[in-house]
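Undergrad: Pasting a structure below so you can have a look.
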Amino acid sequence: MSLDLTTNCWPSPHVNREGYGRIWSEGAYLAAHRVFYEAFVGPIPVGFEIDHVCRNRACCNPDHLEAVTHAENGWRGLNGMLMTHCPQGHELTPDNRVVDNVNRRGYQCKTCRNERQRAYRARRRAR
């Protein structure tokens, strides 16, 4: 295993089809990020999974791994942390996004949400 000096990732020498690092341990290939997390950080809490904060699935660096709930891990994925603009093109800055608790799909654009609320109120007043 060689270190990636540009990102400080510790890439696993073996990866599966989905790009996750694998390591031979206890007579079988195991998820490398889980093995490294448990070795360097401690046991993974029940009901939690390990998120690659660096977004590199092959990375085993314990500083890049965090135990989170499945919902949090999903929010942080492509529909969450990595999404830079909403479908209407508004930039998703920390000031212009909120966690979408209704659809459970990452972030919601505040600009779009405010426009929808204004349109809804206008329709209600027009009745």
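The values are calculated or read from the model by the stated rules, or taken from the named source; none is laboratory data. Values in this document were obtained by computation on a predicted structure and should not be read as measured data. Please note: Cβ atoms are built from the backbone with ideal geometry, for glycine as well, and neighbour counts cover all protein chains shown.
Undergrad: Among the residues of region 57-84, write down those that are at pLDDT 85 or above, surrounded by fewer than 19 Cβ atoms within 10 Å (Cβ to Cβ) and part of a loop (DSSP other than H, G, I, E, B).
TA: Arg57, Thr69
Undergrad: Okay, moving on. Restricting region 16-53 to residues that are more than 19 Å from the chain's Cα centre (by Cα) and part of a strand (DSSP E or B), which is surrounded by the fewest Cβ atoms within 10 Å (Cβ to Cβ)?
TA: Looking at residues that are more than 19 Å from the chain's Cα centre (by Cα) and part of a strand (DSSP E or B), I get Ala28.
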